[in-house]
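Structure, as structure tokens:
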């Protein structure tokens, strides 16, 4: 990699996990980083970290609930008022809605897309004039679930599949202005998002009719076991942050960055194997029959 230049970057969802690791790494590498958070306690924690920084970077919290139009407008207005051109936008904020699709309230499905897709589009549109002027870069946090879908995670996978398509189209549309678009595609990573999703899934199951829940209970429990094992053996969020910094700094930024243990094997097996074989293997792991027995 050539010597990096100091850049100005906005990262959404910077309170914990991948977002927090990303702002820490970028600031430590000398960049000016606006860390988007929703709560004042998270902003205060970031201010404390900023006071202990080495490496010449800057770390500044900004109020940014990505589903809030007023928050998005306020960030765009602040950058414009300060005369700041944005070299990088990292759309990292996201949630996981886990449920059998038959039992999932449509409002929850809409909420999944609101956070994981529509909010990123809103932030991107608001900040594109600045990014275009700087010939900046947009880095969207997708997932391996944006390439390979799994049962009981249909809402989350659908939102990430949509983000992949959105990013591909955006990359081609913005090419004439030199604005690059990259996708980060983590597999399981050790972050608090899984604990949050487990709590949210438990609350959501309390709202689902017992009859519908009973149909899927065995599969749901097995999926929890598989997810817990995957997270226990998963890499740290810092591994994803390294990919983000490469996508931001390198003259040879990639279009996609799969991240995780055996991720290429998962992708090749998942994308190249016949659908019937993928269904059978998934059913085998989850002990959920791919064919009809019920």
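Taking 0.36 nm per residue of separation and subtracting the Cα-Cα distance, what length does fully extending residue 39 through residue 209 add?
57.8 nm
For the chain, the longest principal axis of the Cα atoms and the long axis of helix 275-286 meet at an angle of about 80 degrees. How are the alpha carbon pair distances in the range 103-179 distributed across 5 Å bins from zero to the largest one, expressed in percent? Bin by bin from 0 Å, the calculated values are 3, 15, 23, 22, 16, 10, 7, 4, 1, 0.
Taking Cα atoms only, the orientation of helix 210-232 departs from the longest principal axis of the chain by about 50 degrees. Let me check against my output: what whole-number percent is the relative contact order of the chain, with C-alpha pairs under 8 Å and at least 6 apart? The normalised contact order for the chain reaches 19 percent.
Distance from the alpha carbon centroid of the range 66-82 to that of the range 219-264 works out to 30 angstrom. Pair-distance distribution of the range 8-286: all C-alpha pairs, bin width 10 Å, starting at 0; shares per bin in whole percent are 6, 29, 35, 21, 8, 1.
Helix 263-272 and the longest principal axis of the C-alpha atoms of the chain enclose an angle of approximately 60°.
What whole number of Å gives the distance from the Cα centroid of the range 34-50 to the Cα centroid of the range 164-192? A separation of 25 Å, based on Cα centres.
For the pair residue 169 and residue 108 in one chain, pulling the backbone fully straight at 0.36 nm per residue adds 19.3 nm over the alpha carbon distance.
Read-outs: derived from the displayed coordinates by stated rules, not from any lab. Owing to the predicted nature of the structure, the values given are computational and were not obtained by experimental measurement.
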